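Chemist: There's a structure below that I have some questions on.
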Amino acid sequence: MAAEERLILVGAGGFGREIICWAEDCHAAGTLPRLGGYLDDEVEALPGYDVSRIGGIKDYTPAPGDLFVVALGQPAAKRAVVERLQAAGGRFATLRHPTVTVVRTATIGEGVIMCPYTMAMPDSRIERFVTLINYSGIGHDSVCGEFSTLSSLVDVTGRVRIGRDVSIGSGARILPGLKVGDGATVGAGAVVMRSVKPGTTVYAAPAKTLDMRRKPAA
């Protein structure tokens, strides 16, 4: 007899606590099994959350029925944890919050997390273990490479190519037809107007203080 599936949260930091809420919504909608606990090497308890710690990430051996959702935003850390669990036979959930929009010609890979109000538009492709945080979207004919993370309110417009292991900060915007190379970082609020080379960090100008005091007449 097959073991009953249970969802296991991997990582119980700030993003992990968000995923607890979204996983509960998905279970209520019938798209994911019930959350059965979490793995974290440091967080021993989550007061206010009805979820128990099962063990650490580093030493956990997947059990029959375990289905993991990896709540780690940093691409390198996410990749390392996924590879360790995969090597031990782990299986992974794709989490789509009930408010998500995925059109019928979009493609979504294994282990993708799509938080509330995220979108995948016509003929877009979101590769495995990509994370889209609230209100971010992938435009038509765009590709987001594996293990990349898009923070809240990121606007990836049409025909964009985002590489693997890319980190994009909140409120950033990638203009049409551009490429963001593997391992690049796009800072919060940046408007990307030209392609970004692999491993490069680009960012918006820092905020400046606007002096509204009336200057004395000359």
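Chemist: Considering only DSSP states other than H, G, I, E and B, which trypsin sites (Lys or Arg not before Pro) in segment 56-107 qualify as loop sites with at most 11 other Cβ atoms within 10 Å?
Modeler: LYS58, ARG104
Chemist: Can you run the Rg to Rh ratio on segment 30-101? Use alpha carbon positions and the Kirkwood inverse-distance Rh.
Modeler: 0.95
Chemist: Which value, in debye to the nearest 20, describes the size of the charge dipole of the chain about its Cα centre when Lys and Arg Cβ atoms bear +1, Asp and Glu Cβ atoms bear -1, and nothing else is charged? Walk me through the intermediate numbers first.
Modeler: Numbers: 24 positive and 22 negative charges, 238 e Å.
Magnitude of the dipole: close to 1140 debye.
Chemist: Would you mind calculating the gained length between SER52 and SER170 on full extension (0.36 nm times residue separation, minus the Cα-Cα distance), in nm to one decimal?
Modeler: Working: separation 118, 0.36 × 118 = 42.48 nm, distance 3.04 nm.
Between SER52 and SER170, full extension yields an extra 39.4 nm.
Chemist: Sticking with this structure for a sec: Under the 0.36 nm per residue contour assumption, what length would be gained going from the current alpha-carbon distance of GLN74 and VAL43 to full extension?
Modeler: 9.4 nm
Chemist: How many times 2.2 N^0.38 Å is the alpha carbon radius of gyration of segment 122-173?
Modeler: Compared with the compact-globule rule of thumb, segment 122-173 sits at 0.96.
Chemist: For segment 68-187, with every protein chain kept in place, what is the accessible area per residue (1.4 Å probe, Å²)?
Modeler: Per residue, segment 68-187 has an accessible area of 38 Å².
Chemist: So who's got an amide H within less than 5 Å of the one on PHE92, skipping anything under 5 residues away but keeping other chains? H placed 1.01 Å off N, in plane.
Modeler: PHE68
Chemist: What is the percent carbon and sulfur in the accessible area of segment 18-144, measuring with a 1.4 Å probe over the protein chains and ignoring ligands?
Modeler: C and S atoms contribute 51 percent here.
Chemist: Something else: Tell me the label-point distance for the pair ARG91, ALA3, using the 7 Å Cα-to-Cβ offset, in nm and rounded to one decimal.
Modeler: Going by the 7 Å Cα→Cβ label model, 1.0 nm.
Chemist: Could you give the length gained by full extension between VAL191 and TYR117, i.e. 0.36 nm per residue of separation minus their alpha carbon distance, to one decimal place?
Modeler: 24.5 nm
Chemist: Where the Cα atoms of segment 81-151 are projected onto their three principal axes, how long is each span, largest first, in whole Å?
Modeler: Largest first, segment 81-151 extends 35, 21, 21 Å along its Cα principal axes.
Chemist: With point charges of +1 on the Cβ of Lys and Arg and -1 on the Cβ of Asp and Glu, referenced to the Cα centre of segment 76-218, which listed residue (SER170, THR107, SER124) lies farthest in the positive direction of the dipole?
Modeler: Result: SER170, furthest along the dipole toward the positive end.
Chemist: Need one value: the accessible area of TYR135 in square angstrom, 1.4 angstrom probe, rounded to the nearest 10.
Modeler: Here the residue's solvent-accessible area equals roughly 130 Å².
Chemist: Now for a different question. In a Debye calculation with equal point scatterers on the alpha-carbon sites of the chain and no solvent, what is log10 I(q)/I(0) at q = 0.12 Å⁻¹?
Modeler: So the normalised log intensities are -0.64.
Chemist: Work through the residues other than GLU146 whose Cβ is under 9 Å from its Cβ and net out their charges, Lys, Arg +1 and Asp, Glu -1.
Modeler: Summing Lys/Arg as +1 and Asp/Glu as -1 gives +1.
Chemist: Same structure, new question: Report relative contact order for the chain in percent, whole number only (criteria: Cα-Cα under 8 Å, sequence separation at least 6).
Modeler: Relative CO of the chain lands at 11 percent.
The values are calculated or read from the model by the stated rules, or taken from the named source; none is laboratory data. Worth saying up front: this structure is predicted, and the values here are computed from it rather than measured. Ideal geometry is used to build each Cβ from the backbone, glycine not excepted, and the neighbour counts take in all protein chains shown. Each accessible area value is taken on the protein alone, full model and side chains, heavy atoms only, with ligands, DNA and RNA left out. Shrake-Rupley method; radii C 1.70, N 1.55, O 1.52, S 1.80 Å.
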